[in-house]
Amino acid sequence: MSLITLNEKDHEKSNNSRMKLRPSVPNSVKAGFFLSLNSGKIVEIDNLSIRPYKVSDQDSLVQCANDREVWRNLRDRFPHPYTKKDAREWIDLVSEFSPVTNFAITFDDQCVGGIGLALNQDVHRKSGEIGYWLGKKFWGLGIMSRMLRPATDYFFSAHDIVRIYAFVFDWNPASAKVLEKAGYECEGKLKKSVFKDGEFCDQLIFARISQER
Ligand SMILES: CC(C)(COP(=O)(O)OP(=O)(O)OC[C@H]1O[C@@H](n2cnc3c(N)ncnc32)[C@H](O)[C@@H]1OP(=O)(O)O)[C@@H](O)C(=O)NCCC(=O)NCCS
């Protein structure tokens with residue numbers, strides 16, 4: 001795989017939301033957005049990155065994952081409460097995957113969330129399901145609006161797939177919004193397909209199709 005540098009137009013697409021964390025970054029620095037194998041980072045924008053998990057992420061991972069409001073928007077296999085043991089087991093598990101498909105989202109190299117791609121099998125083998133989350137104190141800052149498009153571009157470039165999709169509980173409009181901003185389209189609603197936290201909810205399915213293949 002080669003180093004991928006996106007042009008300014010692509011960068012603007014990933015950057016079209018407000019970024020409150022560091023609002024006055026000069027264009028020359030913004031243009032440094034890249035996917036780099038050397039650093040292990042697959043996306044880097046200003047002080048945000050997406051990189052493989054490290055054992056040293058254990059404490060920051062627990063701090064942001066151990067939250068009922070995060071858990072409520074994810075599948076039940078995401079533990080709650082989220083303990084140090086859960087964090088260690090997750091980091092050990094995903095570190096064994098080759099290629100790496102689950103990554104930490106970091107701010108100043110501290111883990112603030114996660115993003116991953118589940119590759120499918122059999123007749124679905126040209127598709128992957130994307131999932132992502134942030135610790136609650138990092139919500140609403142425009143982080144996922146900036147990271148989801150380049151992360152999706154990376155997953156398309158790294159895997160032999162033409163379709164990336166995500167399921168969103170219908171009580172989660174923020175997630176639907178970030179998917180739309182990253183170029184995903186809503187393909188439909190799966191009524192009462194989820195039973196979460198003692199309630200049924202409808203699920204929206206969003207997908208982005210690769211224009212390259
Ligand atoms: C979903 C999630 C990843 C969004 O990330 P984020 O960095 O907070 O999102 P952003 O700040 O980039 O953007 C959120 C967008 O949703 C919008 N939004 C937030 N709450 C909303 C609501 N109740 N109704 C409509 N839009 C809403 C915001 O206005 C913003 O859009 P804008 O930039 O056009 O104003 C984050 O909230 C999260 O981790 N939630 C818990 C886990 C989760 O839901 N994971 C996804 C499972 S499918």
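Readers should treat all values here as calculations from the given coordinates under stated rules, not as data from a laboratory. Quantities reported herein were computed from a predicted structural model and do not represent experimental measurements. For neighbour counting, all protein chains shown are included, and Cβ atoms are generated from backbone atoms with ideal geometry for every residue, glycine included.
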Filter region 186-204 for residues that are surrounded by fewer than 16 Cβ atoms within 10 Å (Cβ to Cβ), within 15 Å of the ligand (Cβ to nearest atom) and among the charged types (D, E, K, R); which is nearest to residue 127 (Cα to Cα)? 187
Kindly provide the set of residues from region 98-136 that are touching a residue at least 60 places away in the same chain (Cβ under 8 Å) and among the β-branched types (Val, Ile, Thr), ordered by number. 115
Sole residue being surrounded by fewer than 18 Cβ atoms within 10 Å (Cβ to Cβ) and under 23 Å from residue 112 (Cβ atoms), chosen from 173, 150: 173
In region 125-148, anything within 26 Å of residue 62 (Cα to Cα), basic (Lys, Arg) and out of contact with any strand residue (DSSP E or B) (no Cβ under 7 Å at 6 or more places or on another chain) is listed as 136, 137
Scope region 152-176; condition in a helix (DSSP H, G or I) and in contact (Cβ under 8 Å) with a residue 12 or more places away in the chain; matching residues: 152, 153, 154, 155, 156, 157, 158, 174, 175, 176
I'd like to check which strands (runs of 3 or more DSSP E) are fully inside region 38-139 and have at least 3 residues that are of a type outside the set (Asp, Glu). 48-52, 102-107, 110-119, 127-134
Restricting attention to region 53-66, the residues that are closer than 22 Å to residue 166 by Cα and either surrounded by fewer than 17 Cβ atoms within 10 Å (Cβ to Cβ) or of a type in the set (Lys, Arg) (or both) number exactly 0
